[in-house]
Amino acid sequence: MDVGLHALGIGTGAERTVIDAVAGAADRAGFATLWASERVVAVGERASRYPYSDDGVDPVAADTDWLDPFITLSFAAAATTRIGLATGVLVLPEHNPVVVAKQAASLDKLSGGRVALGVGMGWAKEEFDALGVPFEGRAARTAEYVRALRALWRYDVASFQGEYVAFEDVRVNPKPRNRTLPVVLGGNSDAALRHAAAWADGWYGFSLPDVEDAALAASTLRRLARAAGREPGDLRLAVSLRAPMPGDARRLADAGIDELVLVSCPPRDPIEAEAWVGELARQWIGVLN
């Protein structure tokens, strides 16, 4: 099983020197993926419940620095040569999919084909309202946008006609190295699992309570994939746990999880941040070798 690191773009991980230090150290240490998440706009007071904690409270303060994930990962790409780069996740229905196709393919080209596009449907209505995007129908919008992205990446001249997006005979270059990118769907709800099984290339379960929850989700995804006429092995499964312990790695691997993602904030000092990555590698990658 692979080990990924979700530590860049927020708070102390939003500093240029720390991005360089963490990305380079993770690349050398054998981490599989660097993940960077997104918040376009923060709303201090909201009724929407944060879905990844028991109390529904978002642990990230509204005034925290939160970089654009494509820009964050472009800096990480420049500091590395091997490690995968993934948005974890981009709230896709908040964006124009034609622009996202361009951004993701550009990053893939500059990184030498190392990008996976992690997308989510979103959970905070207030953020959608601030962007002038309808909150209702976001699941259908996300699925349609993914179909549009794949058309733009695959065809030299692409056309698409949908309910939420339409274009005719357009060229979006560059293309990803393989004329497509893995699309990983985030979200822990039953609806997210159904969508992941139906059309995604992978799933990112974020901040799951424990290994048992991850194993149950993996089993559910395999069942849903079969029901959708897909091979369960075609889905790459990544998860993060709220309080992971080194012994969890083997148990997750046995449950069919492909990647354990460690979510944490690095030290502010880049020298300390590099040492911090080395210690994480010793604790987590070492137990799997």
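The values are calculated or read from the model by the stated rules, or taken from the named source; none is laboratory data. These numbers come from a predicted model, not from an experiment. Neighbour counts run over all protein chains shown; Cβ positions are idealised from the backbone, glycine included. Surface accessibility is based on the protein's heavy atoms, side chains included, excluding ligands, DNA and RNA. Shrake-Rupley method; radii C 1.70, N 1.55, O 1.52, S 1.80 Å.
From the list ASP27, ASP54, ASP20, exactly one residue is part of a helix (DSSP H, G or I), more than 19 Å from the chain's Cα centre (by Cα) and acidic (Asp, Glu). Which is it?
Exactly one of ASP27, ASP54, ASP20 is part of a helix (DSSP H, G or I), more than 19 Å from the chain's Cα centre (by Cα) and acidic (Asp, Glu), namely ASP20.
Taking the stretch 173-199 as the region of interest, how many residues are within 19 Å of GLN103 (Cα to Cα) and assigned to a loop (DSSP other than H, G, I, E, B)?
The qualifying residues number 10.
Do the conditions hold for ALA139, that is, is it open to solvent by 20 Å² or more (accessible area, probe 1.4 Å), of a type in the set (A, V, I, L, M, F, W, C) and out of contact with any helix residue (DSSP H, G or I) (no Cβ under 9 Å at 6 or more places or on another chain)?
The answer is no for ALA139.
Looking for whichever is polar (S, T, N, Q) and within 30 Å of PHE160 (Cα to Cα) here; the options are SER53, SER74. Which one fits?
Criteria check complete, one pass: SER74.
Taking the condition in a loop (DSSP other than H, G, I, E, B) and either among the basic types (Lys, Arg) or crowded, with 20+ Cβ neighbours inside 10 Å (or both), does LEU237 pass?
When the stated conditions are applied, LEU237 does not pass them.
Does LEU181 meet the test of being closer than 27 Å to SER111 by Cβ, of a type outside the set (Ser, Thr, Tyr), surrounded by 14 or more Cβ atoms within 10 Å (Cβ to Cβ) and touching a residue at least 24 places away in the same chain (Cβ under 8 Å)?
Spelling it out, LEU181 is indeed closer than 27 Å to SER111 by Cβ, of a type outside the set (Ser, Thr, Tyr), surrounded by 14 or more Cβ atoms within 10 Å (Cβ to Cβ) and touching a residue at least 24 places away in the same chain (Cβ under 8 Å).
May I ask you to list the residues in the stretch 55-66 that are free of Cβ contacts under 8 Å to residues at least 12 places away in the same chain and either buried (at least 16 other Cβ atoms within 10 Å of the Cβ) or among the acidic types (Asp, Glu) (or both)?
Residues satisfying the conditions are ASP55, ASP58.
Can you pull out the helices (runs of 4 or more DSSP H) entirely within the stretch 92-155 that have at least 2 residues that are under 24 Å from ALA197 (Cα atoms)?
97-111, 138-154
Kindly list, by first and then second residue, each pair from a residue in the stretch 107-125 that is at positive phi to a residue that is open to solvent by 10 Å² or more (accessible area, probe 1.4 Å), limited to pairs with Cβ atoms under 7 Å and residues at least 6 apart or on different chains.
GLY113/ARG177; GLY113/ASN178; GLY122/VAL91; GLY122/GLU94; GLY122/ARG138
Given (1) in contact (Cβ under 8 Å) with a residue 60 or more places away in the chain; (2) buried (at least 18 other Cβ atoms within 10 Å of the Cβ); (3) under 18 Å from GLY4 (Cβ atoms), where does ASP248 come up short, assuming only one miss?
Single failed check for ASP248: (1).
Would you check if ALA214 is more than 20 Å from GLY9 (Cβ to Cβ), in contact with an Asp or Glu (Cβ under 9 Å, 6 or more places away or on another chain) and surrounded by 15 or more Cβ atoms within 10 Å (Cβ to Cβ)?
yes
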